[in-house]
Structures are given as structure tokens and as C-alpha cells.
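**Student:** To start, I am sharing the structure in question, which I have written as C-alpha cells.
Throughout, read-outs are computed from the coordinates displayed, never taken from laboratory work. None of the values given here were measured: they were computed from a predicted structure. In this analysis, Cβ positions are derived from the backbone assuming ideal geometry, glycine residues included, and neighbour counts consider all displayed protein chains.
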Amino acid sequence: MISLLKKRFIKNTLIYYIYRYFKYKLKYFPSYGASGEDVLISRYFKNKTNGFYVDVGALHPVNGSMTYNLSKMGWKGINLDMMQENLVLFNLFRKKDINVCTAVSSSKGEIDAYLFESGSGLNTNSIEWANKWKKKLDKDFVVRKVKKEKLNNILERFNVDKVFELLNIDVEGHELEVLKGIDFQLYRPKLISIEIHVNKTKDIFQSNVYKFLNKRKYELISQYRQTSFFIPVENLSTLN
């Protein structure tokens, strides 16, 4: 009865349509990610204002960032990038965050960085990835030795909670090596957003990244473009 009265006397009025317009105008999720993937992150955490993120391959504090929206809402975190040139902007625009110049991999030491240009989203630690884009772009890259660390060591150094909100990984073909550097029995990020480079969605399930995370009891819950989203199996009941 109430729903019928609401439909007849409220929903068909001009005032209601105006209300709906401004409701969504004011409550929409802005996006700064390369393809809007950060909208899913904002929706998943339901506008939580005090979370913590770890962004591996952060690149830029605003453009294409999966964490800028969260930073605007009050989150803090760690931004990791292997190029000091990129971190200059983070130190200006993300002063609340911890910004560290390092590559992230499965071991500590040095690693080759294959660089197309400063600030390029194609810069990588994967020679296979670099050669692929060299051929596609008909453009050469330079090789630079950079420091590399395991993610576990970084999380320990900065006393990151064992269960933190978001781990974002965007390292152009080096994703599996990043994952190998974290102990998932010790650290359980609530959401992992990670690039898996495949041509078809069904191929995700055959990827090394999917198999690695699935073995560590992380479940794929969504995928958009090249980004896949995983949560711990123990949190599946929280989905609605």
C-alpha cells in the first residue's frame, strides 16, 4: 500500500524528478583512474573516510591514479614508484602519504628498469613487456639500474596493519614478482586491484597472477579492462 501511494503521489511529481537529479549529481563517484576503475574501489568501501592504501607503481598523484579519490576522502597510504622524477609530484600533492622511490619485486637488491620516457605508464621491470612496446611503438627504451625491495619489508618498515584496505599493483608485466614479495598469511589486504594483461576475460583464469592469488585464498570479484579485483575468501560474505 505504501509503495503504491509513493508511486502515485510522489514519484510522478516534478519535485521528485528534481530531487533525483540533484541526488545523483551530488553523490556520484568521480574518477581519476585511467579507465574509471577507481569508481569500483570507492563503491566497494562505501565512502569510508579513514582507510589505508599501498600503491605499487603509483606513477602520478592525480592523473590515472587509483588512490587519489581515496586521498581526497581522508585516506592515507604508501606510494611506491621506481622513478624519483615521479615522486616529486607525490611529495607536493600527497604530503600526508609515505612516498618511496623503489621498484618492488620478489627479492631485495637491484633490477633493470626499462624506460621509454620520464612519466610514461609503459616503463617497466619486465624485458618482455619493454620489447613488446618497443615493437608496437617503434621506439627504443633506455635501461637504468634501480633499487628493488620486497613489499613485505616495506610494510614491516612502516608498521602497516596486517589487515589494511587496498593494495593496488600496476607495474606493466611485473605484477607476479610483486606478489611473490608479500606473505599473504601475514598480510591480508581487504581488496587487491591488479593488472592482468590478457586479450579475453576468460584468459584471466589461466593467468599466473590469478592462480597465485587463488592459491592464497583470494577470490576474483570483478574485472574491468586490464584491472582485476580480488578479496580474501573470508570476506566474501560481506558482498551485497
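**Student:** Measure out, as a whole number of angstrom, how far apart the alpha-carbon centroids of region 169-233 and region 36-76 sit.
**Tutor:** Value for the Cα centre distance between the two parts: 18 Å.
**Student:** Output the 0 to 90 degree angle, nearest 10, between the alpha-carbon long axis of helix 84-93 and the longest principal axis computed from the alpha carbons of the chain.
**Tutor:** 30 degrees
**Student:** Moving on to the next point. What is the spread of the Cα atoms of the chain along each of their three principal axes, largest first, in whole Å?
**Tutor:** Ordered largest first, the chain gives principal extents of 69, 38, 36 Å.
**Student:** With labels modelled as points extended 7 Å from the Cα through the Cβ direction, what inter-label distance (nm, one decimal) is found for Phe93 paired with Tyr224?
**Tutor:** 1.9 nm
**Student:** Report, in deg cm²/dmol and to the nearest 500, the calculated mean residue ellipticity at 222 nm for the chain, where each DSSP H run with n ≥ 4 adds -39500 (n - 2.57) and the sum is divided by the residue count.
**Tutor:** Values: 9 runs with 76 residues, N = 240.
The helix-only estimate for the chain comes to -8500 deg cm²/dmol at 222 nm.
**Student:** Ranked highest first by average number of other Cβ atoms within 10 Å, how do 58-64, 134-140 line up?
**Tutor:** On the way: 58-64: 19.9, 134-140: 10.4.
Final packing ranking: 58-64, 134-140.
**Student:** Could I ask something else about it? Can you list the residues, at least 5 places off or on another chain, whose amide H is less than 5 Å from the amide H of Lys108, using H built in the peptide plane?
**Tutor:** Placed amide hydrogens put Lys150 under 5 Å from Lys108.
**Student:** Within straight cross-link reach of Lys108, meaning Cα distance under 13 Å, which aspartates and glutamates are found once same-chain residues fewer than 8 apart are removed?
**Tutor:** Glu149, Glu177
**Student:** For region 206-215, in order, what is each residue's ³J(HN,Hα) by Karplus, 6.51 cos²θ - 1.76 cosθ + 1.60 with θ = phi - 60°, in whole Hz (x at glycine and Pro)?
**Tutor:** With coefficients 6.51, -1.76 and 1.60, one gets 9, 6, 5, 5, 4, 4, 5, 6, 4, 5 Hz.
**Student:** Over the chain, what is the mean sequence separation of C-alpha contacts under 8 Å (at least six apart), divided by residue count, expressed as relative contact order in percent?
**Tutor:** On the way: 402 pairs, mean separation 34.7, N = 240.
Computed over the chain, the figure is 14 percent.
**Student:** Continuing with this model, one more query. May I ask which of Lys145/Lys180; Lys46/Lys136; Lys134/Lys217 have a Cα-Cα span longer than 28 Å here? Spell out each step's value before the answer.
**Tutor:** Numbers: Lys145/Lys180 21 Å; Lys46/Lys136 40 Å; Lys134/Lys217 36 Å.
Violating the 28 Å limit, Cα to Cα: Lys46/Lys136; Lys134/Lys217.
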